[in-house]
Amino acid sequence: MRQTDLFKEPRVMIPDNKPLEEAANLILYLVKYNPALLDGETMGEIDRAIMAEAWIDAGLLKNVADELAFRLFIGGLPACYDTDVLRRARRWLLGHDEIRVSKEAILNAERQKAKIASSMRG
């Protein structure tokens with residue numbers, strides 16, 4: 001369910017899953033300012049671009065040169081910056097037609113799904 005906040009920014013509500021809701025809204029924010037994040041040829045490429053952009057937005061580049069500061073930065077990130085949560089949020093946004101990814105990424109994901117299904121059959 002999409003709403004807007006006080007600043008008229010789009011927001012989604014995901015009841016009973018605050019980290020997923022925060023990650024989905026973070027992705028919407030990042031994509032608004034950098035739509036190219038969704039242009040990858042695979043879902044993995046898109047997920048890595050989203051993760052990198054999220055961490056940079058959170059201040060990663062200020063902490064890269066100092067290993068201890070970097071470890072503290074990573075350890076202090078809220079749950080919505082976790083790679084798995086970001087991936088699930090991207091899937092949720094796609095499934096609810098809140099974002100669109102490249103045709104190549106969709107076709108590649110379908111091929112991967114079919115490949116996994118056929119290998120499970122035996």
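Data overview
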{"quantity": "Loop-located GluC sites (Glu not before Pro) in region 40-122 whose Cβ has at most 15 other Cβ within 10 Å (DSSP)", "calculated": "Glu41"}
{"quantity": "Student exercise, the chain dipole from Lys, Arg, Asp, Glu Cβ charges, in Debye to nearest 20", "calculated": "420"}
{"quantity": "Region 6-57-region 71-100 distance, computed between alpha-carbon centres (Å)", "calculated": "7"}
{"quantity": "Over region 2-121, relative contact order from alpha-carbon pairs under 8 Å, at least 6 apart, %", "calculated": "31"}
{"quantity": "Selection from Pro19, Gly44, Ala109, by position along the positive dipole direction of region 2-121 (Cβ)", "calculated": "Ala109"}
{"quantity": "Sorted by Cβ neighbour density within 10 Å, fewest at the top, the residues Ile99, Ile27, Ile74", "calculated": "Ile74, Ile99, Ile27"}
{"quantity": "Estimated distance in nm for a label pair at Arg111 and Asp97, the labels positioned 7 Å out from Cα along Cα-to-Cβ", "calculated": "2.7"}
{"quantity": "Interchain or long-range residues, amide H under 5 Å from Ser102's placed H", "calculated": "Gly40"}
{"quantity": "Nearest-0.05 FRET efficiency for Asp82 and Ser118, computed from C-beta distance (R0 35 Å)", "calculated": "0.65"}
{"quantity": "Full-stretch length increase - Leu61, Asn17 - with 0.36 nm per residue and alpha-carbon distance subtracted", "calculated": "12.9 nm"}
{"quantity": "Cα Rg, Dmax, region 5-121, angstrom units", "calculated": "15.7, 51"}
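No lab work stands behind these numbers, since they all come straight from the coordinates. If you're wondering where the values come from, they're calculated on a predicted model, not measured in any experiment. Every residue, glycine among them, receives a Cβ derived from its backbone with ideal geometry; neighbour counts consider all protein chains shown.
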